[in-house]
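Structure first, then comments.
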Amino acid sequence: MRGGARSYAAFRKERTAETDRWLRDLLRTAGGNEHVSLVAVGSLGRVEPAPGSDLDLVLLHDGRADVARIADRVWYPIWDSAAKLDHSVRTVEEAVSVARDDLKAVLGLIQARHVAGDPELTKKAREAVLAGWRADFRRRLGELREAADQRAQTSGELAFLLEPHLKDGRGGLRDVQAMQAVAAAWVASAPGPRVREAYEFILDVRHALHLVTARGADRLVLQEQDAVAGMLGLLDAEALMRRLAEAGRTVSHAFDGTWRTVDKLLSGPAPRGRRPLADGVVEQGGEVVLARGVNVRKDPVLVLRAAAAAAESGLPLAPATVSVLAAQSPPMPVPWPEEARDALVSVLGAGRAAVPVWEELDQAGILVKLLPDWERVRHRPQRNPIHRFTVDRHLIEAAANAAGHTREVSRPDLLLIAALLHDVGKGWPGDHSTTGAVVVRDIATRIGLPPQDVETLASVVRHHLLLPETATRRDLDDPVTIEKVAATVGSREVLDLLAALAVADGNATGPAAWNSWKAGLVADLVRRVRSVLAGAPPPRPPVLSERQAALARHGGGAVRVNGGAVTVVAPDRAGLLWSAAGVLAAHRLIVRSASAAFAGSTAVIEFSVIPEYGSPPDPATLESDLRLVLAGRLDIEQRLARRARSARPSRVPVAPPRVTLVDDASATATVVEVRAHDRPGLLWRIGRAFGDCGLDVRAARVETLGAEAVDVFYVVDRAGRPLGDDAQRSLVRDQVLAALR
């Protein structure tokens with residue numbers, strides 16, 4: 001953890017002391033100092049109350065007859081003060097009985113703190129609860145783990161969420177409290193200094209969040225992050241989220257280690273013996289440890305050899321082994337010896353098993369020694385809803401995914417390294433693909449790759465978005481699209497690396513970034529480019545399929561809905577595509593792609609659609625509305641206006657829309673790229689703006705990344721030609737921007 005952020009620990013202690021004095025006065029006034037004990041549990045019991053925390057209190061007694069009167073004289077002044085109170089009145093025996101079956105109660109009582117009254121009652125209750133917790137630790141720790149798993153499933157991981165839950169997220173406050181409960185059972189050690197420091201920082205974030213929101217909030221939402229950062233003395237929301245990601249991962253790492261200790265204890269004695277795994281590395285007791293007599297200080301490759309052995313065997317590195325490697329490993333020679341590079345590739349090639357091993361190396365500070373540029377992306381947040389992970393975690397996830405595609409490429413080692421480093425440019429200003437290529441050249445040289453491989457790796461990083469962006473934002477039936485991609489990749493080797501990386505990267509990003517639709521488009525693009533690289537001519541412009549030709553022979557007005565495919569056949573006229581798109585939007589269908597083919601004066605438009613939510617609309621109703629709009633008998637604008645009025649406005653500020661006319665992307669049309677905040681009927685509004693400019697849309701590629709729409713249109717004038725006049729190009733840009741506001 002890094003310093004520099006303001007701490008509210010002193011405020012929490014001061015508030016605890018003030019609250020204690022008040023509670024002591026209340027109990028004394030109530031006449032309850034004898035045979036009665038007031039006990040603080042929860043945040044007050046741990047001396048961690050945030051401004052919006054509840055008061056969690058237990059009034060213990062030994063059977064005193066007037067305890068109800070005493071309780072009322074304590075609770076009512078608290079209620080009158082508007083403080084939130086969680087309270088109970090119990091004998092010691094009742095407290096012990098409740099703790100035996102109620103996980104929340106026992107966790108509170110094993111960390112209970114005496115506030116006022118008879119301290120012997122508090123001591124008696126706490127000792128009895130602790131004794132029961134320790135005696136029944138097998139069952140109770142099972143409950144504790146189940147509760148932690150449920151929290152993680154419900155609230156996600158604190159380190160990676162855009163809006164993390166500070167208490168219940170995996171790596172949050174409750175996980176540290178769970179580790180403390182395990183330690184109270186005498187099963188594992190209490191959290192160490194790094195975890196306590198991380199815990200204090202999360203407490204500080206929660207404290208600042210309560211001050212900013214003036215309520216007891218535990219979820220750090222986007223619109224509060226800059227203000228919370230300011231309260232903590234941090235530069236901005238990104239600095240806050242980076243620190244918070246580091247804290248959450250520190251807690252998660254320790255939490256996993258605690259449960260490994262629990263599992264070892266519950267599974268009984270480990271088999272004796274040491275099984276060799278690699279030079280200087282053995283398995284012992286289900287963990288990877290160093291062989292006896294190995295000299296860590298004279299073997300710089302040992303750390304990667306041990307990591308590779310752990311990943312390939314699916315075993316964890318022993319914590320003591322990681323500590324020794326972190327403290328005693330000498331610097332790696334530059335350039336790296338071949339053995340070190342092979343060990344790195346072996347770690348990555350282990351797939352999913354590489355992720356926990358990589359995390360161990362990261363937590364110990366080993367990675368930044370091996371790859372100094374890693375520090376720039378370490379814990380770096382990605383403030384975009386399509387990303388599930390921080391930059392560094394995304395990279396190792398992508399590498400783990402790439403391990404499943406190594407047999408599809410001629411250079412599996414370069415695929416794995418490219419996957420690990422493809423977004424490393426996000427640690428520097430500017431376009432991350434461009435800067436990443438520069439950084440990767442340095443890293444590749446550092447790890448000892450030959451010059452030709454360095455250039456291949458740099459090219460893959462520079463163009464790692466080429467295939468998915470082209471597939472989703474360009475017309476694959478346009479020969480110019482395929483020729484430009486083929487010229488950019490230059491070789492079958494680079495194309496195959498990019499194709500495998502696109503899948504690995506997309507799956508590591510999240511479901512909004514990769515799905516069967518995008519996978520199909522990328523595979524189609526790769527097939528076409530591969531053909532051109534092999535010397536085949538570029539594909540011809542599209543012609544009607546047999547099915548389309550049969551529909552076109554009916555003379556127009558035909559509509560077919562088949563799952564996610566919608567076909568519209570009508571006499572060709574201006575605005576046909578976007579009029580049909582308006583109907584689809586009115587039926588809550590999201591258009592992913594649209595393209596038009598022609599037979600004389602008849603147009604055949606193919607839409608690929610998915611429901612915005614729920615089940616798709618009734619095909620018969622959809623077909624009926626499409627026919628009505630084609631006949632000019634349906635006011636689709638009014639329907640879409642109603643939808644727009646009912647749409648929930650964005651909770652956070654959004655960037656202004658951007659309209660770009662892309663030169664040299666097509667020889668037969670002008671390509672217009674529109675980036676805007678997604679909303680119902682967006683495609684229809686853009687299409688109508690084109691119609692107002694006297695243009696027609698021949699094809700469209702539509703993609704939604706989170707709340708960001710990236711739409712690409714192939715437009716022509718009334719004569720079917722691309723735009724050549726600068727004044728007309730400016731008019732188109734202005735008209736589309738006006739339609740988006």
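The values are calculated or read from the model by the stated rules, or taken from the named source; none is laboratory data. As the structure is a computational prediction, the values presented were derived from the model and not from experiment. Here the Cβ is made from the backbone with ideal geometry for all residues, glycine too, and neighbour counts use every protein chain on show. These area figures cover heavy atoms from the full protein model, side chains too; ligands, DNA and RNA do not enter into them. Shrake-Rupley method; radii C 1.70, N 1.55, O 1.52, S 1.80 Å.
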Can you tell me the Rg and Dmax of the range 559-706, counting just the alpha carbons, in angstroms? 15.2, 48
Summarise the accessible area of the chain (1.4 Å probe, protein heavy atoms) by the percent that is carbon and sulfur. 51
Neighbourhood charge, 15 Å Cβ-Cβ cut-off, centred on I443 and excluding it, Lys, Arg +1 and Asp, Glu -1: 0
In the chain, lysine pairs closer than 29 Å at Cα, eight or more apart or cross-chain: 20
For the chain, longest principal axis from Cα atoms; helix 193-213 axis from its Cα atoms; angle between them, nearest 10 degrees, is 70
Residues with amide H under 5 Å of A116's amide H, sequence separation 5 or more or different chain, H placed in the peptide plane at 1.01 Å from N; which? L38
Between L705 and residues 5 or more places away or on another chain, which pairs have amide H atoms under 5 Å apart, with H built 1.01 Å from N, and which residues are they? V710
For the range 225-287 and the range 80-152, what is the centre-to-centre distance using only Cα atoms, to the nearest Å? 27
Trypsin sites (Lys or Arg not before Pro) within the range 43-86, DSSP loop, no more than 16 other Cβ atoms inside 10 Å: R64, K84
Can you tell me the 0 to 90 degree angle between the C-alpha axis of helix 92-101 and the longest principal axis of the chain, rounded to 10? 30
Whole-number accessible area per residue in Å² for the chain, which is evaluated in the context of all protein chains at 1.4 Å: 43
Checking the range 1-41 for GluC sites (Glu not before Pro) in a loop per DSSP with at most 14 other beta-carbon atoms within 10 Å yields E34
Take the Cα gyration tensor of the chain, multiply each eigenvalue by 5, square-root it, and list the three semi-axes largest first, rounded to whole angstrom. 57, 37, 21
Give me the Kirkwood hydrodynamic radius of the range 63-178 in Å, from all C-alpha pairs, to one decimal place? 16.4
Would you mind calculating the relative contact order of the range 365-516 from Cα pairs under 8 angstrom and at least 6 residues apart, reporting the percent as a whole number? 27
Here D for the range 328-454, in µm²/s, from Stokes-Einstein with a Kirkwood Rh over Cα pairs at 25 °C and 0.890 mPa s, works out to 164
Please calculate the 1.4 Å probe accessible area of T154, with all protein chains present, and give it to the nearest 10 Å². 120
Considering the Cα trace of the range 247-378, what is its radius of gyration and what is Dmax, both in angstroms? 14.6, 46
Kindly express, to the nearest 10 degrees and within the range 0 to 90, the angle between helix 726-740's C-alpha long axis and the longest C-alpha principal axis of the chain. 40
With only alpha-carbon atoms in the gyration tensor, what are the semi-axes of the equivalent ellipsoid for the range 152-277, in Å, largest first? 33, 14, 12
Output wanted: per-residue J couplings in Hz (rounded whole) for the range 401-411, from phi through Karplus 6.51 cos²θ - 1.76 cosθ + 1.60, θ = phi - 60°, x for Gly and Pro. 5, 4, 4, x, 10, 5, 7, 8, 10, 7, 10
For the range 671-741, how big is Rg over Rh, using alpha carbon atoms and the Kirkwood form of Rh? 0.96
What are the ³J(HN,Hα) values, in whole Hz, obtained from phi via the Karplus relation 6.51 cos²θ - 1.76 cosθ + 1.60 with θ = phi - 60°, for each residue of the range 247-258 in sequence order, with x given for Gly and Pro? 5, x, 6, 4, 5, 4, 4, 5, 4, 4, x, 4
Rounded to the nearest 500, what is the chain's calculated 222 nm mean residue ellipticity when only DSSP H runs of at least 4 contribute -39500 (n - 2.57) each, over all residues? -16500 deg cm²/dmol
List the chymotrypsin sites (Phe, Trp or Tyr not before Pro) within the range 567-618 that fall in a DSSP loop (any state other than H, G, I, E or B) and whose Cβ has at most 14 other Cβ atoms within 10 Å. Y613
Which semi-axis lengths, in whole Å and largest first, follow from the square roots of five times the eigenvalues of the Cα gyration tensor of the range 431-492? 27, 13, 7
³J(HN,Hα) computed for each position of the range 227-241 - Karplus, 6.51 cos²θ - 1.76 cosθ + 1.60, integer Hz, glycine/proline x: 5, 5, 4, x, 4, 8, x, 9, 4, 6, 4, 5, 4, 4, 5
Positive-end extreme of charge dipole, the range 556-638 - chosen from A558, S601, L628 (charges on Cβ): S601
Give the Kirkwood hydrodynamic radius (Å, one decimal) of the range 591-647, defined as one over the mean of 1/r across all pairs of different Cα atoms. 13.6
Can you find, among Y8, T29, Y76, the residue sitting farthest towards the positive end of the charge dipole of the range 1-82, where Lys and Arg contribute +1 and Asp and Glu -1 at Cβ? Y8
Report the convex hull volume per residue for the range 1-124, counting only C-alpha atoms, in Å³. 113
Work the Kirkwood hydrodynamic radius out for the range 430-546: mean of 1/r over every pair of different alpha-carbon atoms, inverted, in Å. 15.2
